[in-house]
Amino acid sequence: MSPPATARIPRRWRVASALLPSVVVASLFALASPGCNIHVCDIGAQRCNGDELQICAEMPAPNRNVDNTTWRHQDNCAVACVTEPSTGRGGCRTSPVPVPECAHARIACVHGAVVYCDGSGYPFGDVPCASGQTCLDTPECGAMCVVGGAHDPSCTATTSTTCEGVAGTMVGCKCGYRISTGIDCGPGLCQTTVTSGQSTAFCSLSVTREPACRLGVTDVVCKGSTLIECNNGFEIHRTECPGACHAYGGVGACN
């Protein structure tokens, strides 16, 4: 009768075979031990795990090392987590599929809101328009929320804010469109000035200019013990100092 197969295997080989599982376990333990590199992903990368957005970050202690990284939870996407084909980067999107409005735009109007578009046509970062506004895809400035839906005669391409009507109402403008209707300054109290090529409006305390204020600049001056803030020669705010008033170089304070 032949001896068992193991009897024909040299003893040193049998010993090595018996130790092999222990060697494998020890090797795996060493990989997970502090000081060893476990590079799972590149720091800052993002991926989708279902509708969970994950970000690549350093491993927490005690496994932290120069190159040890892992995937961590960053956000739960309300609609969909999408991996952009052009970059391979995951991100939360407001549509699970590309939308036609984003086919050739970086900013677009989608369902009455201003949205940003990724390079694959997926929308994200929706900004709904306020009451009284509509989203308009303008040729000058792209998609934005406007009042009225067309160019406003009160607004020019260089108007930021302007004055309107007897009540001196401040109107917000952008690219020749009205974007908001603000406060009423009062009859004759809405003023305008031009700074860096942009026309802006502000409310003054008087219909006439204050002689102590300089034209064309914002300034702070003292008039006796009164600290006066100025804009383009008009007084816009005053403080009665309990003591002395000091102003120099556009900055002032009460003692």
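Hey, can you grab everything whose amide H is under 5 Å from the amide H of residue 178? Only 5+ residues off in sequence or another chain; H modelled, so Pro and N-termini drop out.
147, 152
With r as the distance between the Cβ atoms of residue 120 and residue 43 and R0 = 25 Å, compute the FRET efficiency 1/(1 + (r/R0)^6) and round to 0.05.
0.55
Residue 207 to residue 183: FRET efficiency via 1/(1 + (r/R0)^6), r the Cβ-Cβ distance, R0 25 Å, to the nearest 0.05?
0.90
Quick check: net charge around residue 152, other residues with Cβ under 14 Å of its Cβ, Lys/Arg +1 and Asp/Glu -1?
Cβ neighbours under 14 Å give a net charge of 0.
Take every DSSP beta bridge whose two residues both sit in the stretch 202-255, then give the antiparallel share in percent to the nearest 5.
100 percent
Using amide H atoms built 1.01 Å from N in the peptide plane, name the residues 5+ places from residue 138, or on other chains, whose amide H lies under 5 Å from its own.
Counting only residues 5 or more places away or on other chains, the set is 143, 144.
Once both labels are modelled 7 Å past Cα along the beta-carbon direction, what's the residue 141-residue 57 spacing in nm?
3.7 nm
From the phi angles alone, apply the Karplus equation (6.51, -1.76, 1.60; θ = phi - 60°) to the stretch 93-101 and give each ³J(HN,Hα) in whole Hz, x where the residue is Gly or Pro.
3J(HN,Hα) across the stretch 93-101, in whole Hz: 10, 8, 8, x, 10, x, 10, x, 4.
Work through the residues other than residue 226 whose Cβ is under 11 Å from its Cβ and net out their charges, Lys, Arg +1 and Asp, Glu -1.
My count for the surroundings of residue 226 gives -2.
Using alpha carbons only, how many angstrom separate the centre of the stretch 135-181 from the centre of the stretch 191-205?
15 Å
Bear in mind that the values in this text are calculations on the coordinates, not laboratory data. A quick note: this is a predicted structure, and the numbers were derived from the prediction, not measured. For neighbour counting, all protein chains shown are included, and Cβ atoms are generated from backbone atoms with ideal geometry for every residue, glycine included.
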